[in-house]
Amino acid sequence: MHTGQQQLAERRLLSGLRRLHRREPMTPDFRLDAVVALARDGGQRPASHRGAAPLSLTDADLIALLDDLAARGEVVRDAHRIRLADHQPQLGPAMRRRADALLAELGSAGASPPRAESIARRLGLPDGVVDALRKSGELVTLAPGIDYPREALEVLLGQLRGRDLTAAQVRDELRTSRRYAAALLDALNH
């Protein structure tokens with residue numbers, strides 16, 4: 001592999017990952033093919049830009065370069081997903097405040113939290129933030145429409161742990177519906 005092409009490809013791969021992380025800060029990692037496509041695209045630079053040179057490397061060559069970057073610790077690859085090694089999913093300050101308000105409202109609802117999406121809409125959170133909170137582990141889905149903040153779920157499961165309870169007993173103890181009780185019992189047993 002020509003050194004100039006290798007250096008150009010590495011710059012474009014890392015630059016593409018940085019752009020993806022900036023664009024979607026809560027997404028932990030991205031598909032390899034998306035990163036390869038960005039490297040091929042070259043960022044739509046003007047022809048006079050030194051980084052606008054065409055890449056003659058194959059997709060297999062670019063994936064091999066990503067593996068080299070992973071071996072050097074610059075990126076982390078997990079099967080067909082990749083991220084910058086120093087990337088930590090996070091929201092900007094305004095979105096973080098709204099996300100924290102969402103988590104607080106869900107947590108204060110006890111064993112029967114309302115739907116996360118309806119609270120998110122009321123708080124003005126974009127559609128993808130609830131999914132990003134789920135991916136990051138801050139919000140745990142037990143069943144469709146049943147989400148708990150991780151800390152609130154741990155408290156609830158701690159109250160139930162070590163006891164042989166039925167769904168009816170959990171329902172009565174936590175003053176919730178059978179649907180929530182069954183979801184909590186299922187989480188406790190897995």
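The values are calculated or read from the model by the stated rules, or taken from the named source; none is laboratory data. Please read these numbers as outputs of a predicted model, since none were measured by experiment. Note that we place each Cβ from the backbone using ideal geometry, even for glycine, and neighbour counts take in every protein chain shown. The protein model used for the area step is the full one, side chains on, heavy atoms only, and it has no ligands, DNA or RNA in it. Shrake-Rupley method; radii C 1.70, N 1.55, O 1.52, S 1.80 Å.
Pairs meeting the criteria (first residue in region 144-163 and at positive phi, second residue among the basic types (Lys, Arg) and open to solvent by 20 Å² or more (accessible area, probe 1.4 Å), beta carbons under 7 Å, at least 6 apart or on different chains) are Gly145/Arg115.
Scanning region 57-80 for residues that are assigned to a helix (DSSP H, G or I) and open to solvent by 60 Å² or more (accessible area, probe 1.4 Å) yields Asp59, Ala60, Asp67, Asp68, Ala71. Residues in region 1-19 that are open to solvent by 60 Å² or more (accessible area, probe 1.4 Å) and under 14 Å from Ser56 (Cβ atoms): Met1, His2, Thr3, Gln7.
Any residue in region 168-175 that is open to solvent by less than 30 Å² (accessible area, probe 1.4 Å) and within 26 Å of Pro28 (Cα to Cα)? No; the residues of region 168-175 include none that is open to solvent by less than 30 Å² (accessible area, probe 1.4 Å) and within 26 Å of Pro28 (Cα to Cα). Total residues in region 125-138 satisfying the condition of being open to solvent by 40 Å² or more (accessible area, probe 1.4 Å), out of contact with any strand residue (DSSP E or B) (no Cβ under 9 Å at 6 or more places or on another chain) and in a loop (DSSP other than H, G, I, E, B): the figure is 1.
Scan region 135-148 for residues that are under 15 Å from the mean Cα position of the chain (by Cα) and within 15 Å of Ala183 (Cβ to Cβ) and the total you get is 3. The residues of region 141-157 that are open to solvent by less than 30 Å² (accessible area, probe 1.4 Å), more than 12 Å from Ser108 (Cβ to Cβ) and in a helix (DSSP H, G or I), listed by number, are Leu153, Leu156, Leu157.
Quick check, is Pro54 over 17 Å from the mean Cα position of the chain (by Cα), part of a loop (DSSP other than H, G, I, E, B) and modelled with pLDDT of 95 or more? Considered against the rule, which asks whether it is over 17 Å from the mean Cα position of the chain (by Cα), part of a loop (DSSP other than H, G, I, E, B) and modelled with pLDDT of 95 or more, Pro54 comes out as no.
Summed over region 5-25, residues that are touching a residue at least 12 places away in the same chain (Cβ under 8 Å) and over 27 Å from Lys135 (Cβ atoms) total 6. Consider region 32-51 and keep the residues that are among the charged types (D, E, K, R) and within 18 Å of His21 (Cβ to Cβ). The one that is modelled with the highest pLDDT is Asp33.
Any residue at all in region 47-61 that is in contact (Cβ under 8 Å) with a residue 40 or more places away in the chain and touching a strand residue (DSSP E or B) at 6+ places or on another chain (Cβ under 9 Å)? The answer is no; no qualifying residue exists. Looking for something open to solvent by less than 70 Å² (accessible area, probe 1.4 Å), part of a helix (DSSP H, G or I) and without any contact (Cβ under 8 Å) to a residue 40 or more places away in the chain - is there at least one such residue anywhere in region 81-89? Within region 81-89, none of the residues are open to solvent by less than 70 Å² (accessible area, probe 1.4 Å), part of a helix (DSSP H, G or I) and without any contact (Cβ under 8 Å) to a residue 40 or more places away in the chain.
What are the residues in region 20-33 that are over 19 Å from Glu138 (Cα atoms) and open to solvent by 60 Å² or more (accessible area, probe 1.4 Å), if any? Answer for region 20-33, where residues must be over 19 Å from Glu138 (Cα atoms) and open to solvent by 60 Å² or more (accessible area, probe 1.4 Å): Arg22, Arg23, Arg31, Asp33.
Restricting region 99-124 to residues that are buried (at least 16 other Cβ atoms within 10 Å of the Cβ) and not in a helix (DSSP H, G or I) leaves a set whose member that is farthest from the chain's Cα centre (by Cα) is Ala111.
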